[in-house]
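The values are calculated or read from the model by the stated rules, or taken from the named source; none is laboratory data. Worth saying up front: this structure is predicted, and the values here are computed from it rather than measured. Here the Cβ positions follow ideal geometry from the backbone for every residue, glycine too, while neighbour counts run over all protein chains shown.
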Amino acid sequence: MYNHNSHRQNHGLLNGAGGHAYQNAMSIHKGYQTQSHAHQAHHIGNQHQDHTSIGGHGAYGNHQHTVSGGALSTPNFTPAHLQNGTPESAGAISKPKEHWAMQLQEYETIRAAMNKPHFYARNTPNVSRLPASTLSTSNLRNSEGEEHGERRRTINADDIEEAGAWDAMDLGGQGLKSMGTNIFRFYPHMRKIYFNHNKLTELPSQIGQMRWLTVLDLSFNNLKRLPPEIGMLTNLKKLLLFDNNLETLPYEIGSLHHLELLGIEGNRNFRQDLKERLMEHGTKDLVEYMREQAPAPPAPLDREWISLVDDADTEAEKFSVLSWNILCDRAATPTVYGYTATHALSWDYRKGAILDELRARKADILALQEIDQESYNEFFRPNLATEDYKGIYWAKARAQTMAEQEAKIVDGCAIFYKNSKYVLLDKQLIIFSREALQRPDMKGEHDVYNRIMPRDHIAVVAFLENRMTGSRLIVVNTHLAWEGWYADVKVVQVAILMERLTKLANTYASWPPCKDKEVFKYAAEDSQDSTKGSNTQPAPSQHYESGIQIPLLACGDFNSTIDSGVYDLITQGSLSNSHSDLGEQTYGDFTKHGMSHPFSLKSAYSAIRDWPFTNYTADFREVIDYIWYSTNNLQVTGLLGEVDPEYMKRVPGFPNWHFPSDHLALWAEFAIKGRKEKRKPVEADFGPSRRETRQ
């Protein structure tokens, strides 16, 4: 682990700066505020959080990028200040628009910093090292909005501390010719970098790793181009490129949807049309223009199929499952996904791309989350029917109290299955809030009414039988609460789910045999190739002694990471009533005696180490989606691998042209393990006894 104290020594963080003693040459401000970031951030109605302020102040206190003490005043806007071919007029000069006037003022301020090393640090009050613990954490939790408010996650301050929790770096006026890549390694969470008045000729592509930057000043250098990776810096509010040799901007600038000031004055050969747009309409308009005009990038390599079993049993019964949060139309707003082009974010485009993905994978079972009623009934169900799928669907509980038109846009969970392979024996809806209210041990609990009841999340259960083999399968699809401050609610939701599944599984163990398993056949004149099958007779329904003998799959967006109580409860089979996720809340027997379930469950993707993410947005990249399977009767034989790492170096977040949801589709293949039949004990025959022979 990197030790911050090592910065007191002379180590080469930057190329071409070997003669500096870095504690003196680097003016660095250490300050970190625990913040909440956008999850999948796909929820409606909230604006992105301002990442600039720290404890209510700027990185160096109240600095507003003007020289302290009044050394510089606002310049008078005369023709001498209007550079890059701005026409002079014999008559009165029109006053520049406010946004362009701000740019010229910023330009003059930074130009005055020439030959003044560490200009920002020297002219800013309160330059000091502030421990993270002294900073305000009032914004750790945001107001609890409705389900489709913007999702936010918290960052662990300890992790930032270990990774290099410096807030700002001023290396201006040092004559540096290049940026050392160690900066990106040791300071990935830097918020402000000032490299003005140096001799940089190029910006390393590794700049894309600095995902939390809000200010980047590269003014008065010799840059000729910006790397496409600049588009990864989606939190940038100020990008200053004054007095370089830039002629144009990469289209990836369009991803910087938080950018408030783009400084390009002083680049003498800069594209006139872009400059005129910036002068006339401002930074926001130019960013939007670049985003909407950008061509679709080259498609990534297809995700690799990973075989986990070399010599699999060829006679074992296999099936595949695809689970996917498809990001419903109502949640995909430009406010949340400002880095995505309008057309790529539109539902017309995304639903077609989602359908193409489902058709290409040809999974036997599909578990889709965040699919609204209208999309299910009018698009996915009819289109997937042509691919031999039948489906079941329920919207979230709030739809039951809404008018028909309003209920259409409420999302829920759907399970599709290949009709030629499976017959549906039973289907169930589990509404977590209703289950909690009906429990005798939770009556009168305030936390149940205040925290569980308002969340209308559901689970959908399908009990299937293979038409040919007679094997049976329980499939669950769910979508839990997303808010980080509802960790206790998610644990209770899973505890209720496992409790209901235990009862259902025991009921299904004694479920009567299925008598009619033949697929509907068309009349001779209406026959289709898709209905032609073999003359093999279906096998009788398999018998199961207990519920845990029935293969079980639990799919969904659990909104829980590997270090959560949800993960522990599912994988370990129990959770203590003192688990930190439960906090001080009380939930009847769950918080009195703990929680448990009888199933042996494991994540299908646990076979792959360091799986990078299942949910990928500009501010949140974590594994929160799972396909859990019962290990006593199922074996994972193959998985769909991760996204091309090279492609991801230039993708700030999903959705985009190639990934229509901010979640990845999880696709796994399973084999049903052979069942060991109980045999009756055989009595040994030792021949006639001695007594019998004497007679």
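Quick notes
- Across the range 559-581, the qualifying residues are those that are acidic (Asp, Glu) and free of Cβ contacts under 8 Å to residues at least 60 places away in the same chain, and the one among them that is surrounded by the fewest Cβ atoms within 10 Å (Cβ to Cβ) is Asp563.
- Taken across the range 262-277, residues that are closer than 29 Å to Met648 by Cβ, without any contact (Cβ under 8 Å) to a residue 40 or more places away in the chain and within 23 Å of the chain's Cα centre (by Cα) do not occur at all.
- Filter result for Pro300 (assigned by TED's automatic domain parsing to the domain that holds Tyr389 and either within 17 Å of His257 (Cα to Cα) or modelled with pLDDT of 95 or more (or both)): no
- Any hit, the range 267-280, residues being of a type in the set (Lys, Arg) and in contact with a helix residue (DSSP H, G or I) (Cβ under 7 Å, 6 or more places away or on another chain): yes
- The range 96-119, residues that are part of a loop (DSSP other than H, G, I, E, B) and touching a helix residue (DSSP H, G or I) at 6+ places or on another chain (Cβ under 9 Å): Pro96, Lys97, Ala112, Ala113, Lys116, Pro117, His118
- The condition (being in the same structural domain as Leu640 (by TED's automatic domain parsing) and either closer than 24 Å to Trp657 by Cα or touching a His at 6+ places or on another chain (Cβ under 9 Å) (or both)) is satisfied by just one residue among Trp394, Trp347: Trp347.
- Restricting attention to the range 440-464, the residues being buried (at least 22 other Cβ atoms within 10 Å of the Cβ) and in a strand (DSSP E or B) number 6.
- Of the set (1) surrounded by 19 or more Cβ atoms within 10 Å (Cβ to Cβ); (2) in contact (Cβ under 8 Å) with a residue 40 or more places away in the chain; (3) closer than 22 Å to Thr617 by Cβ, all apply to Pro300 but (1).
- Checking Ala363 against (1) within 17 Å of the chain's Cα centre (by Cα); (2) more than 21 Å from Glu378 (Cα to Cα), the condition it does not meet: (1)
- Residue in the range 183-192 that is surrounded by fewer than 20 Cβ atoms within 10 Å (Cβ to Cβ), farther than 27 Å from Phe654 by Cβ and at pLDDT 95 or above present: no
- Filtered by the rule that a residue be of a type in the set (Ser, Thr, Tyr), in contact (Cβ under 8 Å) with a residue 40 or more places away in the chain and under 16 Å from Ile415 (Cβ atoms), the range 349-387 gives a lone residue, Ser375.
- In this structure, Arg291 does satisfy being surrounded by 22 or more Cβ atoms within 10 Å (Cβ to Cβ), in contact (Cβ under 8 Å) with a residue 40 or more places away in the chain and in a helix (DSSP H, G or I).
Let's see how each residue does on (1) among the β-branched types (Val, Ile, Thr); (2) in contact (Cβ under 8 Å) with a residue 40 or more places away in the chain; (3) within 23 Å of Tyr337 (Cβ to Cβ):
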site: Trp212; (1), (2), (3): no, yes, yes
site: Ser219; (1), (2), (3): no, yes, no
site: Leu223; (1), (2), (3): no, no, no
site: Ile230; (1), (2), (3): yes, no, yes
site: Leu236; (1), (2), (3): no, no, yes
site: Leu241; (1), (2), (3): no, no, no
site: Leu246; (1), (2), (3): no, no, no
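- In the range 330-360, residue farthest from the chain's Cα centre (by Cα) [restricted to those that are of a type in the set (Lys, Arg) and surrounded by 14 or more Cβ atoms within 10 Å (Cβ to Cβ)]: Lys351
- Scanning the range 578-633 for residues that are more than 25 Å from Leu504 (Cβ to Cβ), in contact with a Ser or Thr (Cβ under 8 Å, 6 or more places away or on another chain) and among the polar types (S, T, N, Q) gives a single hit, Gln585.
- Per the listing Glu357, Glu406, Glu378, the residue uniquely within 29 Å of Met290 (Cα to Cα) and either outside the structural domain of Pro652 (by TED's automatic domain parsing) or not hydroxyl-bearing (Ser, Thr, Tyr) (or both) is Glu357.
- The range 498-514 residues that are in the same structural domain as Leu425 (by TED's automatic domain parsing) and within 10 Å of Ile548 (Cβ to Cβ), paired with ones that are assigned to a helix (DSSP H, G or I) and at pLDDT 95 or above (beta carbon under 8 Å, 6 or more apart): Thr502/Gly547; Ala505/Gly547; Ala505/Ile548; Asn506/Gly547; Ala509/Gly547; Ala509/Gln549
- The range 343-439 holds helices (runs of 4 or more DSSP H) entirely within its bounds, and those carrying 2 or more residues that are touching a Ser or Thr at 6+ places or on another chain (Cβ under 9 Å) map to 347-361.
- Filtered residue count, the range 304-342, keeping only those that are polar (S, T, N, Q) and assigned to a helix (DSSP H, G or I): 1
- Within the range 540-558, being crowded, with 24+ Cβ neighbours inside 10 Å and in a loop (DSSP other than H, G, I, E, B) holds for one residue alone: Phe558.
- Phe659 vs. criteria at pLDDT 95 or above, out of contact with any His (no Cβ under 9 Å at 6 or more places or on another chain) and either part of a loop (DSSP other than H, G, I, E, B) or among the small types (Gly, Ala, Ser) (or both): yes
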